[in-house]
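Accompanying notes for the structure given below.
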């Protein structure tokens, strides 16, 4: 069963208070989710390379002359492109593996946070640019600390309000 960090915040609205409980997933679960995603990407790229190599071999049996050389060059370029992507994903995996699981005091690499943007809430893991991932039905945005939003959030702490792209983000919970 999934573990969550629960935090209740009180919002003062006109003449009454609203209590909202924020469920922040465990950082270890989100790190594992990211690592699984990266491993899946590596496997997909490796499968694509194997298919291209198979196609290149079959092309050599049925082609001759310039057509053979052109096809072989195209296969080779695509294989090299995929190898470059695999290398980049391995670098991302190394970054993920190096992240600590200790609680963050300020936002930085390895931070897991919930921010409110108006009435919407976003869960963000500052680790690597992996995009939107799903954890038990909840969207988690995995972003790099070098991304524009990551840079805007870096160094801030729980309760801070950050202006970014003409919007105000409030850090509600930080782990």
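The values are calculated or read from the model by the stated rules, or taken from the named source; none is laboratory data. Everything quoted here is computed from the prediction, not taken from an experiment. Positions of Cβ are generated from backbone atoms using ideal geometry, with glycine treated the same way; all protein chains shown enter the neighbour counts.
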Considering only the stretch 150-172, I want to know if a residue exists there that is closer than 25 Å to residue 42 by Cβ and surrounded by 15 or more Cβ atoms within 10 Å (Cβ to Cβ). yes
Give the residues of the stretch 89-104 that are part of a loop (DSSP other than H, G, I, E, B) and in contact (Cβ under 8 Å) with a residue 60 or more places away in the chain, sorted by residue number. 99, 101, 103, 104
I'd like the residue in the stretch 118-144 that is in contact with a helix residue (DSSP H, G or I) (Cβ under 7 Å, 6 or more places away or on another chain) and not in a strand (DSSP E or B) and, out of all such residues, is surrounded by the fewest Cβ atoms within 10 Å (Cβ to Cβ). 144
Which numbered condition residue 52 fails, given (1) within 29 Å of residue 100 (Cα to Cα); (2) at pLDDT 80 or above: (1)
